[in-house]
């Protein structure tokens with residue numbers, strides 16, 4: 001059993017503490033190809049390149065892989081039975097006079113989301129008066145939440161069901177009926193009548209809505225809305241383009257083309273490839289990589305490197 005850190009936003013921390021959130025989804029950094037075969041989640045041996053440039057089975061890992069063996073990824077947060085300790089925005093009682101230590105009282109931003117002055121004090125007459133440390137800098141000793149992994153799977157983002165969206169922390173809030181606004185004319189503008197019927201607004205959100213205007217019609221769409229906002233999409237809408245519309249796989253090992261691109265970006269070395277696209281780490285390539293890592297070759301020299309064996313696409 002291993003422990004690893006995982007980051008959560010304030011509303012998601014609240015959902016965990018309230019027992020609403022029992023699932024989390026993370027996007028695969030390097031997506032599988034469009035024509036990938038069926039994907040399963042299990043222990044498997046990824047293919048590695050040995051010092052002779054030949055393919056060989058590597059150490060067993062837990063993750064997702066295609067049945068045809070062309071793609072796979074190790075789960076970055078472990079496997080069932082492992083634990084995750086939550087990192088969240090925080091501050092300690094020694095701030096700003098000293099560093100954090102074991103005797104400090106720890107304050108968590110998620111506990112102040114309902115504060116009338118705002119979690120940062122930004123709504124107070126005096127203005128912002130709370131300063132928080134980013135979650136990435138939280139040490140293990142300051143974490144208050146430890147989770148256990150009970151299962152793992154890989155699926156498209158839009159494959160999430162309504163039940164899974166609820167397990168992600170979606171909540172329904174009855175904000176009531178929006179009061180009627182304005183007036184309407186039935187005779188071409190000669191006379192106007194007040195609007196008497198209000199509008200009922202759906203109330204599904206991820207625990208961070210403050211009005212019916214920030215809600216959607218289902219738990220699934222509320223989750224989609226959160227995904228778009230967390231990854232740079234527009235606020236409170238699903239008009240795209242956003243991560244939800246892209247529909248990525250939510251859990252990636254580098255493909256052959258990505259591996260070759262990595263060698264080029266890191267060392268400016270064009271590695272030779274076999275007919276199937278796999279990397280052929282020849283002795284010449286190995287020597288060039290070693291020189292680049294040791295700083296023995298300039299960028300110009302690396303750029304002028306010529307291989308006797310041409311690249312195979």
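It is to be established whether one or more residues within region 77-89 are over 22 Å from the mean Cα position of the chain (by Cα) and loosely packed, with under 14 Cβ neighbours inside 10 Å. No, that holds for no residue. Under the condition of being under 17 Å from residue 9 (Cβ atoms) and not in a helix (DSSP H, G or I), the residues counted in region 92-121 number 8. Considering region 156-269, the qualifying helices (runs of 4 or more DSSP H), each wholly inside and each with 1 or more residues that are surrounded by 13 or more Cβ atoms within 10 Å (Cβ to Cβ) and modelled with pLDDT under 70, run over 256-267.
State whether the residues of region 7-15 include one that is farther than 21 Å from residue 142 by Cβ, surrounded by fewer than 18 Cβ atoms within 10 Å (Cβ to Cβ) and assigned by TED's automatic domain parsing to the domain that holds residue 141.
So the first thing to find is which residues in region 7-15 are farther than 21 Å from residue 142 by Cβ, and the list is none.
Checked region 7-15: no residue is farther than 21 Å from residue 142 by Cβ, surrounded by fewer than 18 Cβ atoms within 10 Å (Cβ to Cβ) and assigned by TED's automatic domain parsing to the domain that holds residue 141.
Residues in region 49-61 include none that are under 30 Å from residue 132 (Cβ atoms), surrounded by 14 or more Cβ atoms within 10 Å (Cβ to Cβ) and more than 24 Å from the chain's Cα centre (by Cα).
The values are calculated or read from the model by the stated rules, or taken from the named source; none is laboratory data. No experiment lies behind these values; they were computed from the predicted model shown. Virtual Cβ from ideal backbone geometry, glycine too; neighbours counted across all protein chains shown.
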